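Student: Following this message is one structure expressed as structure tokens.
The values are calculated or read from the model by the stated rules, or taken from the named source; none is laboratory data. Fair warning: this is a prediction, and the values are worked out from it, not measured in the lab. Neighbour counts are summed over all protein chains in view; Cβ atoms, including those assigned to glycine, are modelled from backbone coordinates with ideal geometry. Quick note on the areas: whole protein, heavy atoms, side chains included, nothing else; ligands and nucleic acids left out. Shrake-Rupley method; radii C 1.70, N 1.55, O 1.52, S 1.80 Å.
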Amino acid sequence: DRDVTGVQTCALPIFDIDEFLVRAAKREETDVETALRHTRAVFFALGDALSPEAVAHLAASLPQTFDPLVAEAQRRDLDIMPADQFWARVRQRLGVDDTTARLATDAALETLAERIAEGQVEDLIAQLDPLLHPPLRRGAESAKAGGRRMPLEEFLRRVAAREDADADEADLHEEIAEHARAVFATLAEAVSSKEWFDVIVELPEEYHNLFPPRSA
């Protein structure tokens, strides 16, 4: 194929930042978190090596999900809460260690993505750090078209199962609900007010006890 200038071009595979990081991690033989850190450094270096015009061309050739990387090359602040900060806020709200906070975050986000519409999941992904994308992707992939219709009890059981806990125990049931509240409160801070509203309007009233007070 040739573009309008007559320069020969070739069709390249198109994938989002999540697939890009998975491939980078595989080639580095490391985890996605490390691959993201390394890739950000590479894009930062590209900002020094390339002209502003070349960086702009690079940005235009990549899907919008690559914005966290492109921002490094453009020396541009990105209004996205870093995953480390997200996990830290969940950790502080629950008074738990980092491993528990990450597990609770993954479990609640994955189950939320099962419950809401796929398009809404994509809108959330667009406003969150790439390290928070995997549980949302997994939840969306396992959900039926349009999201699952699950009562709150089923939602909490799924969160508990993903935390390797048994939500049928009365005391643990409230603990899992508290975990979901902490993740939802942090999610409400990480995305725009409109985006958070679009999420909660998809959930029935019985879920509202899990939402931060300002969104109830």
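Student: With a point put 7 Å past each Cα toward its Cβ, work out how far ALA41 is from PHE197 in nm, to one decimal.
Tutor: For the pair ALA41/PHE197, the computed spacing is 4.3 nm.
Student: A further question follows. Relative contact order for the chain using alpha-carbon pairs under 8 Å, separation at least 6, rounded to a whole percent?
Tutor: 17 percent
Student: Excluding ASP84 itself, calculate the net charge of residues whose Cβ lies under 11 Å from the Cβ of ASP84, where each Lys or Arg counts +1 and each Asp or Glu counts -1.
Tutor: +1
Student: Less than 11 Å Cβ to Cβ from GLU110, Lys/Arg counted +1 and Asp/Glu -1: what total charge do the surrounding residues give?
Tutor: Overall, the nearby charge balance is +1.
Student: Could you identify which residue out of HIS57, HIS133, HIS173 has the top mean-square fluctuation in a GNM of the chain using Cα springs shorter than 10 Å?
Tutor: HIS57
Student: Taking only protein heavy atoms and a 1.4 Å probe, what accessible area per residue, in Å², does segment 116-164 have with all protein chains in place?
Tutor: That works out to 46 Å² for each residue.
Student: Given only helices, namely DSSP H runs of n ≥ 4 each adding -39500 (n - 2.57), what is the per-residue ellipticity at 222 nm of the chain, to the nearest 500 deg cm²/dmol?
Tutor: Taken over the chain, the calculation gives -19500 deg cm²/dmol.
Student: Against the longest alpha carbon principal axis of the chain, how many degrees, from 0 to 90 and to the nearest 10, is the axis of helix 17-28 turned?
Tutor: With rounding to tens, the tilt is 80 degrees.
Student: Taking the structure as given and computing Cα extents along the principal axes in Å, which label from [x] 67, 35, 34; [y] 48, 43, 26; [z] 53, 40, 33 fits?
Tutor: Recomputing Cα extents along the principal axes in Å here picks out [x].
Student: Please list, in order along segment 33-46, the HN-Hα scalar couplings obtained from phi with the Karplus expression 6.51 cos²θ - 1.76 cosθ + 1.60 (θ = phi - 60°), rounded to whole Hz, x for Gly and Pro.
Tutor: Using θ = phi - 60°, the values come out as 4, 5, 4, 5, 4, 5, 5, 4, 5, 5, 5, 4, 5, 4 Hz.
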